[in-house]
Amino acid sequence: MKTVSSEYSDAVARILVVGGGYVGMYTALRLQRTLKQELRRGTVEIVIVDPDPYMTYQPFLPEAAAGSISPRHVVVPLRRVLPHCTVVIGEVTAIDHDERKATLTTLAARETGDGAHTLAYDELVLAPGSISRTLPVPGLADVGIGFKTVEEAIGLRNHVLEQLDIASSTRDPEVRDAALTFVFVGGGYAGVEALAELEDMARYAARYYHNIQPEDMKWILVEATDRILPEVGPEMGRYAVRELRARNIDVRLTTRLDSCERRLIRLSDGSRFPARTLVWTAGVKPHPIVAASGLPLAGHGRLKCTAALQVDGAEHAWSAGDAAAVPDLTAPLPATSDAPRTLCAPNAQHAVRQSKTLAANLTAALRGGELRNYRHKYVGSVASLGLHKGVAHVYGRKLKGYPAWFMHRAYHLSRVPTFNRKARILAEWILAGLFKREIVSLGSLENPRAEFELAAGTGRHNEAS
């Protein structure tokens, strides 16, 4: 194992940020502003380690999948927005906080087989985000499609449009039915918004197929609890169910996926039917590095944190967002002293605001200042149900239909990082209102060398002949 020292040894204090998502990017963005003098003098260095060179704005993934936004506009290049930080493309595989060292595998090391490296640090910001929470459902690993990354979103778009091509070109009724059946498991934001946007897109695309009608497609939402979109409240959740069912979307509450082997869907209500599309959005769990860090954990495997966003009982370690269990100081105190305190929900709204407090506190700690607690009341939620349709519960007010959809777009446009991205997304929305939808499937993106490999293979065959 090598030690990464020569490249990073000049700084007096090194801040290691693990993860370039909401918390990682926004924290580093604010640190390079608040620590401008220290960075200029070389007494502080900020290092961000993430497997991807960009941050993904996940609330826009459904619109990217539906073709309303270009995929490149829902990601933010880390090197562009963090010019005063060192961005390392790689993955932290182990943390020894007692020694203040992290073990990481860089992209170059994976390509050359150079092995893992160690990186010493003074302050640790552990914000690796979350991964999909899967269950031991037979067949899920073979046929399931996730919806957390831009690659998955574009892959799902291509897959849905390819199913329409399959259904249009086959004479086998069983193959056609399976191709036109789309199952989404999970009634949270990701599942409902992805289903609603893609159903909108597929219904529009059906007009260009002479033998496919929108009624031929079966869209099924499977949710284990008795409601969807719990964040917008019971009333708006019930409205969302009615809205989806009015579009002939089969919403099945208190139902679980039991099996999906050989593309045969088996549900807990006894239903059995073939489907070539199964999208799994049934929750998330902390990244494995959180458990491997050896730092104190709370419920659900998240890091036990104080209201100041320090890891409880571990000096010089900080966290926020999905990976952190942060007490919600705006929630009522528990009835008994031994009852656990309410925690902040692991959502984007808290993550962005926590990163501001985290950066301020880390700066104060380096300068010997006073820390302040994170305190932010949850203002509400917005959700899209497809083009011109949505639900919202914001500041106690409940909206539905077009006003909620407009608020959804306005809110997320205001929150997406950089003016560059805001302008590009707004321009795409304006153009989308003036012109027809793009319904092209670029499935070859998932295997860009397929055509060349075929040509090269044919060439070898001809030479052998």
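Take Gly390 and decide whether it is surrounded by 23 or more Cβ atoms within 10 Å (Cβ to Cβ) and not hydrophobic (A, V, I, L, M, F, W, C). Taking the combined requirement at face value, the residue satisfies it.
For the subset of segment 124-144 comprising residues that are crowded, with 17+ Cβ neighbours inside 10 Å and not small (Gly, Ala, Ser), which member is farthest from Gly313 (Cα to Cα)? Residue satisfying both the conditions and the ranking: Val143. From the list Ala308, Ala314, Ala282, the lone residue that is part of a loop (DSSP other than H, G, I, E, B), in contact (Cβ under 8 Å) with a residue 60 or more places away in the chain and touching a helix residue (DSSP H, G or I) at 6+ places or on another chain (Cβ under 6 Å) is Ala308. The selection criterion, being among the aliphatic types (A, V, I, L, M), assigned by TED's automatic domain parsing to the domain that holds Gly313 and modelled with pLDDT under 95, holds for Ala292.
Mind checking whether some residue in segment 396-403 is over 29 Å from Ala307 (Cβ atoms), among the aliphatic types (A, V, I, L, M) and part of a strand (DSSP E or B)?
As a first pass, look at segment 396-403 and keep what is over 29 Å from Ala307 (Cβ atoms): 398-403.
Retained after the next criterion (residues that are among the aliphatic types (A, V, I, L, M)): 399.
Keeping just the survivors that are part of a strand (DSSP E or B) gives 399.
Yes, the conditions are met somewhere in segment 396-403.
If you go through segment 159-196 and pick out every residue that is surrounded by fewer than 18 Cβ atoms within 10 Å (Cβ to Cβ) and among the hydrophobic types (A, V, I, L, M, F, W, C), you end up with 2.
Of a type in the set (Gly, Ala, Ser), in a helix (DSSP H, G or I) and in contact with a helix residue (DSSP H, G or I) (Cβ under 6 Å, 6 or more places away or on another chain): does that describe Ala109? Judged against the criteria, Ala109 is not a match. What about Leu156, is it assigned to a helix (DSSP H, G or I) and crowded, with 18+ Cβ neighbours inside 10 Å? The answer is yes for Leu156. Remark: Thr336 falls outside the filter, which requires a residue to be assigned to a loop (DSSP other than H, G, I, E, B) and outside the structural domain of Gly20 (by TED's automatic domain parsing).
This table checks each residue for (1) modelled with pLDDT of 90 or more; (2) at positive phi; (3) aliphatic (A, V, I, L, M); (4) not assigned by TED's automatic domain parsing to the domain that holds Val416.
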{"site": "Arg30", "(1), (2), (3), (4)": "yes, no, no, yes"}
{"site": "Val44", "(1), (2), (3), (4)": "yes, no, yes, yes"}
{"site": "Val47", "(1), (2), (3), (4)": "yes, no, yes, yes"}
{"site": "Tyr54", "(1), (2), (3), (4)": "yes, no, no, yes"}
{"site": "Arg110", "(1), (2), (3), (4)": "no, no, no, yes"}
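Only one of these is in a strand (DSSP E or B), out of contact with any strand residue (DSSP E or B) (no Cβ under 6 Å at 6 or more places or on another chain) and of a type outside the set (Phe, Trp, Tyr): Ile89, Ile95. Name it.
That would be Ile89, the only listed residue that is in a strand (DSSP E or B), out of contact with any strand residue (DSSP E or B) (no Cβ under 6 Å at 6 or more places or on another chain) and of a type outside the set (Phe, Trp, Tyr).
Taken over segment 347-368, the criterion of being surrounded by 15 or more Cβ atoms within 10 Å (Cβ to Cβ) and either of a type in the set (D, E, K, R) or in contact with a strand residue (DSSP E or B) (Cβ under 7 Å, 6 or more places away or on another chain) (or both) is satisfied by Arg353, Lys356, Leu358, Leu362, Leu366.
Among the residues of segment 201-223, just one is touching a residue at least 60 places away in the same chain (Cβ under 8 Å) and either over 19 Å from Pro62 (Cα atoms) or in a strand (DSSP E or B) (or both), namely Tyr208. Take the residues in segment 361-395 that are of a type outside the set (S, T, N, Q) and in a helix (DSSP H, G or I), then tell me which one is farthest from the chain's Cα centre (by Cα). Checking each candidate, the answer is Arg367.
The values are calculated or read from the model by the stated rules, or taken from the named source; none is laboratory data. Values in this document were obtained by computation on a predicted structure and should not be read as measured data. Note that each Cβ is placed from the backbone with ideal geometry, even for glycine, and that neighbours are counted across all protein chains shown.
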